[in-house]
Amino acid sequence: MSWTELERLVTTAEADHDLRRALKRCRSQAELVLAARRLGYRITSHDLSAALEDHRREQGRGQSQGQVGG
């Protein structure tokens, strides 16, 4: 898994408004992976699926502990 590449993409997108806007235009995981690869990030659709699953798990954990997530 190219988890570090995905983390690098997220970090860069958080700091770069234009990149973030371009990635938000992607309509599917496949489109997002293609856009990221064109920008030099070696991520896969599996990376995105795993990250989404982790995010959902963390949200569920926070809600079960009475935390408000955002």
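Quick look at the values:
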| read-out | value |
| --- | --- |
| Charged-residue dipole, Cβ positions (Lys, Arg, Asp, Glu), the chain about Cα centre, Debye nearest 20 | 240 debye |
| Accessible-area composition of region 1-50, carbon plus sulfur, in percent [1.4 Å probe] | 52 percent |
| Positive-end residue, the chain charge dipole about Cα centroid, Cβ charges, pick of VAL10, ALA35, GLN59 | ALA35 |
| Label selected from (1) 1.00; (2) 1.21; (3) 1.17, the criterion being Cα Rg over 2.2 N^0.38 Å as computed here | (2) |
| Two-site label geometry, ARG38 and ALA50: point separation in nm, points 7 Å out along Cα→Cβ | 2.6 nm |
| Average accessible area per residue (Å²) across the chain - probe 1.4 Å, nucleic acids and ligands excluded | 76 Å² |
| Within region 15-54: Cβ-based charge dipole about Cα centre, in debye rounded to nearest 20 (Lys, Arg +1; Asp, Glu -1) | 280 debye |
| The chain, helix-only ellipticity at 222 nm - DSSP H runs n ≥ 4, -39,500 (n - 2.57), divided by all residues, nearest 500 | -23000 deg cm²/dmol |
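The values are calculated or read from the model by the stated rules, or taken from the named source; none is laboratory data. Note that this is a predicted model, so its numbers are computed, not measured. Quick reminder, even Gly has a Cβ in these numbers, built from the backbone with ideal geometry, and neighbours come from all protein chains shown. Just so you know, the surface numbers come from the protein's heavy atoms only, side chains and all, with ligands and any DNA or RNA stripped out. Shrake-Rupley method; radii C 1.70, N 1.55, O 1.52, S 1.80 Å.
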